[in-house]
Amino acid sequence: MCSKNLTITSSISLEHIPYLWEQSHVLIILIDLDNYDTFNTAYLDRIEMEYIEGLQTNYFKKRYIVSRTVLKHILCSLLHERSAFDISTYKNGNGRVCIHNHNEMYICISYTENIVALAISKVEVGIDIELGRTLALKNTLKYQRQKPSFTDKHLSKTNILKTWTLKEAYCKFSNKNMLPNLNKDLNLSSVSHSSYFLDNKYIFSVITHSDLHIININHLQKIDCNWN
């Protein structure tokens, strides 16, 4: 199972995103949670605040606050809204993130440790990112009925994680609940799919309808969201 090595050596500014949006079908934005120290919920609406109250740890709360806040600032720039406060998100029944009054845009979010992978797209998309290490592999295998033997020469740890990311990405792409589908055989014959060994650290997969879709992957510089 082949994947592409991709190392991103620079990061883009918020101001550069509209230019990339014009050139792409899918924008993948990588956000470093370590860039943001404070927990300011000013940009969350009532529904989002109700959701965050159910999160159990500061880590889960931080990644939710940062991902939604950065998403809203990006969308404010792309949609020419007056303020990020004018943008609100919600999750549908299967967990897909949606933007109120903007059904023409597709959003997909994935997390691993301190990284948020955020897809903003003109076409249906699914993404998943996993840290490529043994701990991530153990967490992955606990959800699978059949535990593959690591002595199998055809099943490397990287390939197992890659299959996992493709399954998660496909469930998000097809707007299906993930847990009932993670143990099913993966059939990608009707979609376009790519996997990357990203920055020599992460396994990242993305699925769209067509291999003609232009996908742009970038790290995002810290943006000033008036966190304080």
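The values are calculated or read from the model by the stated rules, or taken from the named source; none is laboratory data. In this text the structure is predicted, and so the values were computed from the model without any measurement. Every residue, glycine as well, gets a Cβ built from its backbone with ideal geometry; the counts of neighbours run over all protein chains shown. Surface areas here come from the heavy atoms of the whole protein model, side chains and all, with no ligands, DNA or RNA. Shrake-Rupley method; radii C 1.70, N 1.55, O 1.52, S 1.80 Å.
Just a few scattered comments:
- Here TRP21 meets the list (1) in a loop (DSSP other than H, G, I, E, B); (2) within 15 Å of CYS76 (Cβ to Cβ); (3) not β-branched (Val, Ile, Thr) almost entirely, failing just condition (1).
- Candidates CYS98, CYS76: the one that is open to solvent by 20 Å² or more (accessible area, probe 1.4 Å), more than 24 Å from ALA169 (Cβ to Cβ), at pLDDT 90 or above and of a type outside the set (A, V, I, L, M) is CYS76.
- The listed residues are ASP128, ASP86, and the only one of them that is touching a residue at least 40 places away in the same chain (Cβ under 8 Å), more than 21 Å from ASN35 (Cβ to Cβ) and not hydrophobic (A, V, I, L, M, F, W, C) turns out to be ASP128.
- Scanning region 1-33 for residues that are modelled with pLDDT of 95 or more and of a type in the set (Val, Ile, Thr) turns up ILE12, ILE17, VAL26, ILE28, ILE29, ILE31.
- Within the option set PRO180, PRO148, being modelled with pLDDT under 95, open to solvent by less than 90 Å² (accessible area, probe 1.4 Å), farther than 18 Å from LEU6 by Cα and part of a loop (DSSP other than H, G, I, E, B) holds for one residue only, PRO148.
- Candidate set: region 12-56, residues that are loosely packed, with under 14 Cβ neighbours inside 10 Å and among the hydroxyl-bearing types (Ser, Thr, Tyr); chosen: the one nearest to ASN114 (Cα to Cα): THR38
- TYR59 being open to solvent by 50 Å² or more (accessible area, probe 1.4 Å), part of a helix (DSSP H, G or I), closer than 22 Å to LYS176 by Cα and in contact with a helix residue (DSSP H, G or I) (Cβ under 9 Å, 6 or more places away or on another chain): no
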